[in-house]
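The values are calculated or read from the model by the stated rules, or taken from the named source; none is laboratory data. Treat the numbers as computed from the prediction; the structure is a model and nothing was measured. Neighbour counts run over all protein chains shown; Cβ positions are idealised from the backbone, glycine included. The area values use the complete protein model at the heavy-atom level, side chains included, leaving out ligands, DNA and RNA. Shrake-Rupley method; radii C 1.70, N 1.55, O 1.52, S 1.80 Å.
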Amino acid sequence: PVLAAMSSVNDIRVDFSGPQYFTLTAIIVSSVLLVFFWYQRKYHNAAAWTKVYVSAVMPVNYLLSLLLSEVSAVVLQDGTRVAILRYWGWLATCPVLLLDIFSAMPLRKSGQAPVQALAAIILDQLMVICGVSAIIYGGAAKIALFTMGCLCGVCVYYLILSAFFKAYAQYPSEAKPWLAATAILFCGGGLLFPI
């Protein structure tokens, strides 16, 4: 361990290595974003509640996984570790992120965005549940659950990208590069976190 931090309150010892530095960085960045979005919402009415919510949930989730490493993962009888806090964080934040994305899309047909958002949220939840279940089960059930989770993930990406493409056609030309960058970062970032 390069760095060790001691908490005088409960004598919790955290040894930092590569993944822990990433977690600490995520806590700091999320906390800074929380303060920024809260300030923008409180004093300028310029940030949606979704941004404040996600920025509040993520540092708590990362902090719990850092400080309580023995409960942040469930160890199955065969020794497989399931990073349960990661999935809890996804279940708590992904629906809100999807709501945020679809609420920003100026879709032409009235009511189209809520229907797409609801479908994406349901599919996202199924993707996470099937993915976690695939870790727990073996044999044909493992393959079937993993395949179902992947199919749900493909459908979520289809709904998100179709909303981005529809919005891209309606956005003013000066905003299109920002929308394209948002789509690439969101979809590309999501691929960094496999089920």
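For every residue, the table says whether it meets (1) in a helix (DSSP H, G or I); (2) at pLDDT 95 or above; (3) open to solvent by 50 Å² or more (accessible area, probe 1.4 Å).
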residue	(1), (2), (3)
126	yes, yes, yes
134	yes, no, no
140	yes, yes, yes
145	yes, yes, no
153	yes, no, no
163	yes, no, no
168	yes, no, yes
181	yes, no, no
184	yes, no, yes
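If you check residue 106 against the conditions, is it within 19 Å of residue 58 (Cα to Cα), loosely packed, with under 13 Cβ neighbours inside 10 Å and modelled with pLDDT under 90? So residue 106 fails the test. Applying a threshold of 6 Å to beta carbon distances and a minimum spacing of six or more residues, or different chains, the list of pairs starting in region 68-90 at a residue that is more than 12 Å from residue 132 (Cα to Cα) and ending at one that is open to solvent by less than 80 Å² (accessible area, probe 1.4 Å) and hydroxyl-bearing (Ser, Thr, Tyr) reads 72/65. Of all residues in region 48-90, those being over 24 Å from residue 33 (Cβ atoms), open to solvent by less than 60 Å² (accessible area, probe 1.4 Å) and in a loop (DSSP other than H, G, I, E, B) number 4.
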